[in-house]
1. Run down Leu19, Leu67, Leu51, Leu78 and say which single residue is in contact with an Asp or Glu (Cβ under 9 Å, 6 or more places away or on another chain) and of a type in the set (A, V, I, L, M).
2. Just wondering, is there one or more residues in the stretch 65-74 that are in a loop (DSSP other than H, G, I, E, B), more than 30 Å from Ser227 (Cβ to Cβ) and open to solvent by 40 Å² or more (accessible area, probe 1.4 Å)?
3. Do any residues in the stretch 173-186 that are within 21 Å of Leu311 (Cβ to Cβ) have Cβ atoms under 7 Å from those of residues that are assigned to a strand (DSSP E or B) and among the small types (Gly, Ala, Ser), where the two are at least six apart or on different chains, and which pairs are they?
4. With the structure loaded, tell me whether Phe197 is in contact with a strand residue (DSSP E or B) (Cβ under 8 Å, 6 or more places away or on another chain), hydrophobic (A, V, I, L, M, F, W, C) and open to solvent by 10 Å² or more (accessible area, probe 1.4 Å) or whether it fails that test.
5. With the requirement that a residue be open to solvent by less than 40 Å² (accessible area, probe 1.4 Å) and assigned to a loop (DSSP other than H, G, I, E, B), what does the stretch 260-315 give you?
6. Tell me whether the stretch 82-95 contains one or more residues that are out of contact with any strand residue (DSSP E or B) (no Cβ under 9 Å at 6 or more places or on another chain), open to solvent by 20 Å² or more (accessible area, probe 1.4 Å), closer than 29 Å to Asp237 by Cβ and modelled with pLDDT of 90 or more.
7. Please enumerate the residues belonging to the stretch 11-44 that are of a type in the set (A, V, I, L, M) and over 23 Å from Ser176 (Cα atoms).
Amino acid sequence: APGYLIGGVPQDFDQSARLGETDFFVIEADEYDTAFFDKRSKFLHYYARTLILNNLEYDHADIFRDLEAIKAQFHHLLKTLPASARILYNGSDDNIVDVISRGCWSEKQAVGSEFYLSDISPDGSRFTMHIGNESGSVDWGLSGQHNVLNALHAAAAARHVGVTLDVAAQALSEFSGVKRRMELRGQVGSVAVFDDFAHHPTAIATTLAGARAKLSGRIIAVLEPRSNTMKMGCHKDALAASLQSADVVLAYRAAGIDWDVAAALGASASVYSNVQEIVDNLVDNVQPNDQIIVMSNGGFEGIHQRILDALNAKE
């Protein structure tokens, strides 16, 4: 019964945070600033004993001038850890490897050496984890290679405090996920509507690739570039490539975006300045077995339910 703080709504628990009944506390953290009066990254306040570094990319352009500024915060994070701490890091992420190389005095374990994966299904719904002489197989409802890596890092972190790999694998197999991570919002006939929090090109690409491997039918991506970094156009050059796994792309150009969304996405995408027009387009052109994936880090004017209501009305 550990304490935890999750940056989302877990489907397995009744709340997103609790103090717990043990000395263990699990927290999801990133490099965003602490408060308007404290511009240090939040994770500098946590003094972790077990630290997962899974990915490091440029984001939060409203806070950081460039990638190097984010790397500096991660370097400071490593310097807050005691010698008895353990760092579990993604050895295939060059930015993380660079930060590690700048120095730390804690234990380190890298993906691909001390712990690794095998027998990964194309959609990421089944895989086997290996740590030392232990192994454990997972069969769960999630998809995407990013979630597979998340699972391995979580199991390695749990093992640091005594949870065996077979117990971790069983727990992961029962994990229901977090709301707004490929959450099925509803289905009308054979047409499904999913909600996903993806708002960074890497997250968009991995989410759609996982959906492509798992789902049948057309993949329709409905995108709202809503984060501050997106609105500033910092990721516009990577957007078109991140959406390649989708058969159809519908994008919303909200107020506050001063870059050309249509030019960034190319001729294969449709761009709208009105949410109702997106709903109407979907309903008019929907086909059996379509998989509609709405990607935004905001409410998107309730588009998920509006799509479902319109599809039900059409039925």
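The values are calculated or read from the model by the stated rules, or taken from the named source; none is laboratory data. The model shown is predicted, which means the values in this text are computed figures rather than measured ones. Don't worry about glycine lacking a Cβ; one is built from the backbone with ideal geometry, like all the others, and counts go over all protein chains shown. Surface accessibility is based on the protein's heavy atoms, side chains included, excluding ligands, DNA and RNA. Shrake-Rupley method; radii C 1.70, N 1.55, O 1.52, S 1.80 Å.
1. So the residue among Leu19, Leu67, Leu51, Leu78 that is in contact with an Asp or Glu (Cβ under 9 Å, 6 or more places away or on another chain) and of a type in the set (A, V, I, L, M) is Leu67.
2. Scanning the stretch 65-74 turns up no residue that is in a loop (DSSP other than H, G, I, E, B), more than 30 Å from Ser227 (Cβ to Cβ) and open to solvent by 40 Å² or more (accessible area, probe 1.4 Å).
3. Once the first residue is within 21 Å of Leu311 (Cβ to Cβ) and sits in the stretch 173-186, its partners that are assigned to a strand (DSSP E or B) and among the small types (Gly, Ala, Ser) give Leu184/Ala192.
4. Against the criterion (in contact with a strand residue (DSSP E or B) (Cβ under 8 Å, 6 or more places away or on another chain), hydrophobic (A, V, I, L, M, F, W, C) and open to solvent by 10 Å² or more (accessible area, probe 1.4 Å)), Phe197 qualifies.
5. Scanning the stretch 260-315 gives Gly266, Val286, Asp290, Ser296, Asn297, Gly298.
6. So the first thing to find is which residues in the stretch 82-95 are out of contact with any strand residue (DSSP E or B) (no Cβ under 9 Å at 6 or more places or on another chain), and the list is 82, 94-95.
Now drop any that are not open to solvent by 20 Å² or more (accessible area, probe 1.4 Å), which leaves 82, 94-95.
In the following step, the residues that additionally are closer than 29 Å to Asp237 by Cβ were identified as 94-95.
Imposing the further condition that a residue be modelled with pLDDT of 90 or more reduces the set to 94-95.
Yes, that holds for at least one residue.
7. Ala35, Leu44
This table checks each residue for (1) assigned to a loop (DSSP other than H, G, I, E, B); (2) open to solvent by 30 Å² or more (accessible area, probe 1.4 Å); (3) of a type in the set (Gly, Ala, Ser).
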{"position": "Gly20", "(1), (2), (3)": "yes, yes, yes"}
{"position": "Asp23", "(1), (2), (3)": "yes, yes, no"}
{"position": "Glu31", "(1), (2), (3)": "yes, no, no"}
{"position": "Thr34", "(1), (2), (3)": "no, yes, no"}
{"position": "Tyr47", "(1), (2), (3)": "yes, yes, no"}
{"position": "His60", "(1), (2), (3)": "yes, yes, no"}
